[in-house]
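The values are calculated or read from the model by the stated rules, or taken from the named source; none is laboratory data. Since the structure is predicted, the reported quantities are computational estimates derived from the model, not experimental observations. Note that we place each Cβ from the backbone using ideal geometry, even for glycine, and neighbour counts take in every protein chain shown.
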Amino acid sequence: MFDENLLKDKAKESRQLILELAHDTKGAAHFGGSLSSVEMITYLYSCFLRYDTKDPANDERDRFILSKGHCVMSYYVALYQSGFFDREKLWEFEQDGGPLLSHPVRNLSLGIESSNGSLGQGLSFAVGQQLAARQKGLGYRNVVLMGDGECNEGSVWESAMAAGHYGISKLVAVIDCNGLQSDGFTKDVLNIKEMFSHWTALGFKVYQVNGHDFNEIHKAFSEMDFDDGHPKLVISDTVKGKGISFMENNNVWHHEPITEELYEKARSELQ
Amino acid sequence: MAEINRVNARMWSMLGARGTFGLAMLELAAKYDFTVLSADLCESSGLAKFRDNYSSRFYNVGIAEQDLIGVAAGIASEGQNVFSTSFAPFITARCLDQIRMNLAYMKMNVKLVGLSSGYEQGNSGYSHYGLEDAGILNCIPDITIVTPADCSEIYQCVEAAMTYEGPMYIRLTGGRFTPPVYTGDYTFTIGKGIPLAEGTDTVIFTCGTPTAYAMKAAKVLNKEGLSVSVVNMHTLRPFDTALAEEYCRKFGTVFTAEEHSCKNGLGTAVAELIAEKGLGCRLVKIAAPDRYEKAGSYDFMMKNTGLTPDAISDRIRKELSAEG
């Protein structure tokens, strides 16, 4: 199931499609966070999450919540790559009245589990889905993708406390730690010092990985015990704008339109 | 359906709004499948017995209202009807964006129960009053908002919420010994106002505990020869515009009485209706003023706001005589 080369190919295609989608919107797009989360989302949909695209609302499906809702491009591409919809549908991205806005809108038939875009809310929703699983005796898992900037939101910590208190084993929170947020480096905007220990203190089992290294990601997820009474947290260290040289660690590309010239440059880099 | 009779009405009235709510949840748990969440106010919500008897259907998330809403939405997304409770300002203003995103935007089947709304918290002051709760939620699309008139109606409303699909706010006003409006059987339907008294001179649209006071005021005025209608507009959204219009068309001046801000509550709903339909009548709103004033006991606040029976009758007398 785990095939690093195949994953790398998918990640490469993902970055190419992100560039095409962003370019074709003719407007600003969230390049930075979408590009930093490519490997993690690719891995989750290829190797970890259990789903049936022919029965996308199946009760037993694993639930993925994109809490950092602005990073939809890598998410939509993963849904396409996984077979939730065809490639053509990707081009409904940001189309008037369409289902693929620049922040996710709950649509189970497309594999979109929840509406997001207002930060700090996905983890609570996932805790609720896990409590419901207990009530119904179902064994599905929840993965929530958050941003490191998103952890500024107090509501993240409210839900983290609940996850720890209820010992929700089948919950994996992933923080895409790309070190940047809208106004700059996270350490400058609001330095929370030590991501790791905050979460262990609340009862989480914490893993730290290079979020661009499939082997490290796979190792972490393979080690998880989903009946151990602890929620999981993956600190995924990444580079914002990963894969396109002029976007890497350059926060201009948090949300920005791309010129034809830079589009061509990015395209050639991603070949 | 629990029978509404004098004995039950008196018992519920003695239990008060929260006690009746808790009792309704306990009694209805055998018949309906639902989950209850609290943000560390289980005892205050009258839910201790429910928690003890139905522990697998009850979660306390701690003093964390934002999480309360998110967790409720997550459970509801799996097909459960979820009741979330806290004091009125904390379950509305404190977690408004979670309500907007999770309940309204995703249309989740969550019932928010705002405890001790209006002035019920008395000397606790404005931090604990529920004067903006309905108005705030009235700006967020797709949330049904109900303020039951008395404890019997609280029971009815809670039972109606068991089979109602979608986000809903149940706003509990009044404390213990809340005067009953209903002592006999009647039909409560979400979104349908209920005429309680028919008069020929004016109408009071009301909801929550002021309903009983409006009825008292109407009785006093009737003895003086002023004939006053009273309509229980328990549901702010969807607003029963047909019924309100029918009464507005009859009178030159109409009144609203509510234990809520003068902004975006019942008074505003009637004002919008009058303006949009061009009904032409004058509206007198009896409601909390648009400023924070000196706070105090429930009686002190109701008096200052003009919501006691005497104050309501005085106001109607004054406004109608000024009209000539």
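For the range B:170-194, filtered to residues that are within 15 Å of B:Tyr213 (Cα to Cα) and of a type outside the set (Ser, Thr, Tyr), the residue that is nearest to the chain's Cα centre (by Cα) is B:Gly174.
For the range B:117-135, residues that are touching a helix residue (DSSP H, G or I) at 6+ places or on another chain (Cβ under 7 Å) and buried (at least 22 other Cβ atoms within 10 Å of the Cβ) total 3.
Residues that are surrounded by 16 or more Cβ atoms within 10 Å (Cβ to Cβ) and polar (S, T, N, Q) within the range A:1-16 comprise A:Ser14, A:Gln16, listed in sequence order.
Between B:Gly16, B:Gly70, which is over 19 Å from B:Leu96 (Cα atoms) and either modelled with pLDDT of 95 or more or not charged (D, E, K, R) (or both)?
B:Gly16
Among the residues making up the range B:220-249, those that are surrounded by 17 or more Cβ atoms within 10 Å (Cβ to Cβ) and under 13 Å from B:Gly199 (Cβ atoms) are B:Val220, B:Leu221, B:Leu226, B:Val228, B:Ser229, B:Val230, B:Val231, B:Tyr247. Exactly one residue out of A:Leu19, A:Leu66 is buried (at least 24 other Cβ atoms within 10 Å of the Cβ) and within 23 Å of A:Ser268 (Cα to Cα): that is A:Leu19. Scanning the range A:210-264 for residues that are closer than 20 Å to A:Asp148 by Cα, over 17 Å from the mean Cα position of the chain (by Cα), in contact (Cβ under 8 Å) with a residue 60 or more places away in the chain and assigned to a helix (DSSP H, G or I) returns A:Asn251, A:Trp253. Specify the residue that is surrounded by the most Cβ atoms within 10 Å (Cβ to Cβ); the eligible residues are those in the range A:163-187 that are within 14 Å of chain B (Cβ to nearest Cβ) and in contact with a helix residue (DSSP H, G or I) (Cβ under 9 Å, 6 or more places away or on another chain). The qualifying residue surrounded by the most Cβ atoms within 10 Å (Cβ to Cβ) is A:Ala163.
Whether any residue in the range A:136-152 is closer than 27 Å to A:His198 by Cβ, touching a Pro at 6+ places or on another chain (Cβ under 8 Å) and either of a type in the set (Phe, Trp, Tyr) or in contact (Cβ under 8 Å) with a residue 24 or more places away in the chain (or both) is what I want to check. Checking the range A:136-152: not a single residue is closer than 27 Å to A:His198 by Cβ, touching a Pro at 6+ places or on another chain (Cβ under 8 Å) and either of a type in the set (Phe, Trp, Tyr) or in contact (Cβ under 8 Å) with a residue 24 or more places away in the chain (or both).
Checked against the criterion of being under 26 Å from B:Gln66 (Cα atoms) and crowded, with 17+ Cβ neighbours inside 10 Å, the candidates A:Ala220, A:Ala201, A:Ala160 yield just one match: A:Ala160. Suppose we keep only residues that are within 7 Å of another protein chain (Cβ to nearest Cβ) and in a loop (DSSP other than H, G, I, E, B) within the range A:118-151. Which one would you say is nearest to A:Lys54 (Cα to Cα)? Per the criteria, the residue is A:Gln121.
Residues of the range A:12-37 that are small (Gly, Ala, Ser) and touching a residue at least 60 places away in the same chain (Cβ under 8 Å): A:Ser14, A:Ala22, A:Gly27, A:Ala28, A:Ala29, A:Gly32, A:Gly33, A:Ser36, A:Ser37.
Taken over the range B:144-181, the criterion of being β-branched (Val, Ile, Thr), surrounded by 17 or more Cβ atoms within 10 Å (Cβ to Cβ) and either out of contact with any Cys (no Cβ under 7 Å at 6 or more places or on another chain) or without any contact (Cβ under 8 Å) to a residue 12 or more places away in the chain (or both) is satisfied by B:Thr144, B:Ile145, B:Ile154, B:Val158, B:Thr173, B:Val181. In the set (1) more than 14 Å from the chain's Cα centre (by Cα); (2) within 11 Å of another protein chain (Cβ to nearest Cβ); (3) small (Gly, Ala, Ser), A:Ser115 fails one condition alone, (1). For the range B:57-70, the set of residues classified as more than 24 Å from B:Glu159 (Cβ to Cβ) and either surrounded by 23 or more Cβ atoms within 10 Å (Cβ to Cβ) or not assigned by TED's automatic domain parsing to the domain that holds B:Gln121 (or both) consists of B:Val61, B:Ala64, B:Glu65, B:Gln66, B:Asp67, B:Gly70, listed by residue number.
Look at (1) farther than 19 Å from A:Ala220 by Cβ; (2) crowded, with 20+ Cβ neighbours inside 10 Å; (3) in contact (Cβ under 8 Å) with a residue 60 or more places away in the chain and you find that A:Leu100 fails only one, number (3). Checking A:Ser169, A:Ser109, A:Ser102 one by one, the residue that is more than 30 Å from A:Asn249 (Cβ to Cβ), of a type in the set (S, T, N, Q) and either in a helix (DSSP H, G or I) or out of contact with any Lys or Arg (no Cβ under 9 Å at 6 or more places or on another chain) (or both) is A:Ser109 and no other.
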